[in-house]
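Notes for the one structure printed next.
The values are calculated or read from the model by the stated rules, or taken from the named source; none is laboratory data. In this text, all values refer to a predicted model and were calculated from it rather than measured experimentally. Cβ placement follows ideal geometry from the backbone for every residue including glycine, while neighbour counts extend to all protein chains displayed.
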Amino acid sequence: SAPDAAPPGAAVVRRVRGAVEGQIVPERFVYAVGEPILVRMELRNTGTAALRFAFGGDWFGRLVPMRYAWRVWDERGALLCDLGRPVAGGSAGGGGGGTVELAPGGTHRETHLLNDACDALARPGRYRLEVVRVLSRPDALRRTRDGGVVEQWCHDLTPPDLTALPAGSPDPHGRRSVACMDALRQFPVVVTEFPLEITPWDARRLRATFGALPAEREAAARADDPSREGSLGAFGQWFCARIRCDCPDDVRDQRVDDWFARALSRVPERFTGPCPER
């Protein structure tokens, strides 16, 4: 199909490549405008050797991780957002990261925030999403140049859907060489398509939801679940910056201990659309 064609149907569609089972799905399929849209990546190593892949280090000034590529279509099939394409604007750094190692049969779970992937998800409607994750290791994509300079010659952020492209295919977005595309094919790939419905703004519902989020974030920290804790914190940043539009600077910049609760403490009665990005 054409790169921008909407995935058909309302079912969840899972595709994998390599010795892995997995999916990337939302915790719910219906959210109100302004609620935290959380998605889970769940993996199992089905091979006979350990599976190693990078995580984190991929924020780059956004609140959605860029090791994933996200595409969003409306119910008529129009492509609204494509985070597989080059992202405009500068980079604020990728944050901390590391490496996951899964023994044969081992499992892994991550939670991430979806709201910042596409402003359309702050409007009521029915949407279709596709998310791609290549389980890559950046160290396998580096080389040493003359003079001992190490460079990453093939980038793995916002990857293309390698389950749908035959060997030798060019990057559909023109960002990578064929050699880079072939290098990425050595890694397992997880792709999921799913429907998502966004219902209208409901200030009373949001206030009830937000009242529980500080305790939920603290519980994630106690349970040593950094991806969920970080995703809820990212939601506080997103709501403060893109929905309220009036957060004090000490809250916006997280300079006070209770910034998260204060970011969610005021829910506007009405909402007309995201604030301009600062």
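I'd like the full set of residues that are of a type in the set (S, T, N, Q) and either surrounded by 15 or more Cβ atoms within 10 Å (Cβ to Cβ) or not in a strand (DSSP E or B) (or both), limited to the stretch 133-148. Once the filter is applied, which keeps residues that are of a type in the set (S, T, N, Q) and either surrounded by 15 or more Cβ atoms within 10 Å (Cβ to Cβ) or not in a strand (DSSP E or B) (or both), the stretch 133-148 yields only Ser136.
Somewhere in the stretch 252-274, is a residue at pLDDT 95 or above, touching a Cys at 6+ places or on another chain (Cβ under 8 Å), outside any loop (DSSP other than H, G, I, E, B) and within 29 Å of Arg67 (Cα to Cα)? So far as the stretch 252-274 goes, yes, one or more of its residues are at pLDDT 95 or above, touching a Cys at 6+ places or on another chain (Cβ under 8 Å), outside any loop (DSSP other than H, G, I, E, B) and within 29 Å of Arg67 (Cα to Cα). State whether the residues of the stretch 229-244 include one that is surrounded by 14 or more Cβ atoms within 10 Å (Cβ to Cβ), in contact with a Lys or Arg (Cβ under 6 Å, 6 or more places away or on another chain) and under 30 Å from Arg14 (Cβ atoms). There is at least one residue in the stretch 229-244 that is surrounded by 14 or more Cβ atoms within 10 Å (Cβ to Cβ), in contact with a Lys or Arg (Cβ under 6 Å, 6 or more places away or on another chain) and under 30 Å from Arg14 (Cβ atoms).
Residue count for the stretch 210-251 satisfying the condition of being polar (S, T, N, Q) and in contact with a strand residue (DSSP E or B) (Cβ under 8 Å, 6 or more places away or on another chain): 2. Restricting attention to the stretch 51-66 and to residues that are surrounded by fewer than 18 Cβ atoms within 10 Å (Cβ to Cβ) and over 16 Å from Phe235 (Cα atoms), the residue that is modelled with the highest pLDDT turns out to be Arg52. Looking only at residues in the stretch 154-170 that are within 30 Å of Gly125 (Cβ to Cβ) and not polar (S, T, N, Q), the one that is surrounded by the most Cβ atoms within 10 Å (Cβ to Cβ) is Pro159. Select from the stretch 96-127 the residues that are surrounded by fewer than 14 Cβ atoms within 10 Å (Cβ to Cβ) and of a type in the set (S, T, N, Q) and list them in ascending order. If the condition is that a residue be surrounded by fewer than 14 Cβ atoms within 10 Å (Cβ to Cβ) and of a type in the set (S, T, N, Q), then Thr99, Thr107 are the ones that fit. Exactly one residue among Glu197, Glu151, Glu193, Glu130 is surrounded by fewer than 19 Cβ atoms within 10 Å (Cβ to Cβ), in contact with a strand residue (DSSP E or B) (Cβ under 8 Å, 6 or more places away or on another chain) and either touching a residue at least 40 places away in the same chain (Cβ under 8 Å) or assigned to a loop (DSSP other than H, G, I, E, B) (or both), and that residue is Glu197. Is it fair to say Pro166 is part of a loop (DSSP other than H, G, I, E, B) and either under 30 Å from Gly236 (Cα atoms) or among the β-branched types (Val, Ile, Thr) (or both)? Criteria not met by Pro166.
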